[in-house]
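Read the structure below first, then the notes.
Only the coordinates and a few stated rules stand behind these numbers; no lab work does. On a predicted model such as this, the values are computed, not experimentally measured, just so you know. Ideal geometry is used to build each Cβ from the backbone, glycine not excepted, and the neighbour counts take in all protein chains shown.
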Amino acid sequence: MISPELLRRYSFFGGFTLKELKELALSGREQSVAEGETLFGEGDRADHLFFLADGEMETLIRAEEEGDISLSTLPPGEPVGWSALIEPHLYTASARATRPSRVIAFGRPELAKLMEDAHFASILLGTLAEVISRRLRDTQIQLLSLEARSGEPVAS
C-alpha cells in the first residue's frame, strides 16, 4: 500500500475524491527501476498501469531500419502504460528508465474493480485521454522529424 498523500502531490490525481484516492492507494505498490532498465516492452501484455513518482522514463517504439526510436521523455507525475486499461491490453511502446526511477504500479484487475464506480472511471479515463492526446502529438512531431531527415515520407 502507498499513502493517499503521495498521490495527492500530483495533478494527475487531482479530480479524485479522498475516498477514491484511498482506494487507489490501497491497490498501488511502489517499484524501483534502475537507470537503463526497461519497465515493459512494446507488445508485452499490459497488466499494470504505472505512475512515475520519481526519476525519468522514455517511451520507445521499434523501427526496422532505425532501431528503437525515442518518442518522448516523461518526467515525474506522468502515467506510463495506459494500455493496461484498453483492449487488447498490449503495451504499444516500451518504457525505459533514463535515470534511477520509482513508479507506482496499479494492477489491471484492481483498476477494473475501481472503475465500476462511474465517477472514478470518468476521472481516470478523462485524464488518460488528455495524456494520450498529448503523446499522440509528440509522436506526430517525431514522425515529421524523421521524414525531414530522410527526405522520404513516413508511411501512415
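Using only Cα atoms, find the angle between the long axis of helix 118-150 and the longest principal axis of the chain, and express it within 0 to 90 degrees, rounded to the nearest 10. Value to nearest ten degrees: 10. A simple charge model with +1 on the Cβ of Lys and Arg, -1 on the Cβ of Asp and Glu and nothing else charged puts the dipole of the chain at about 540 debye relative to its Cα centre. When the GluC sites (Glu not before Pro) in the range 1-71 are filtered for DSSP coil states and for at most 11 other beta-carbon atoms within 10 Å of their beta-carbon, the remaining sites are Glu64, Glu65, Glu66.
Where does helix 18-27 land angle-wise versus the long Cα axis of the chain, in degrees 0 to 90, nearest 10? Roughly 70 degrees, rounded to the nearest 10. Mean projection of the Cα convex hull over all viewing directions, computed for the chain: 9.3 nm².
Applying 0.36 nm per residue to the separation of Arg9 and Lys113 and subtracting their alpha-carbon distance, the gain on full extension is 35.1 nm. Amide H contacts for Met57 (H built 1.01 Å from N in the peptide plane; partners 5 or more residues away or on another chain; cut-off under 5 Å): Leu74, Thr98.
Each label point was placed 7 Å from the Cα along the Cα-to-Cβ direction; for Leu90 and Gln140 their separation is 2.5 nm.
Its relative contact order, with pairs defined as Cα atoms under 8 Å and 6+ residues apart, puts the chain at 27 percent. Once the C-beta distance of Arg62 and Gln31 is scaled by a Förster radius of 25 Å, the resulting FRET efficiency is 0.55 to the nearest 0.05.
In a fully extended conformation the segment linking Lys22 and Ala148 would gain 40.6 nm over its present Cα-Cα distance, using 0.36 nm per residue.
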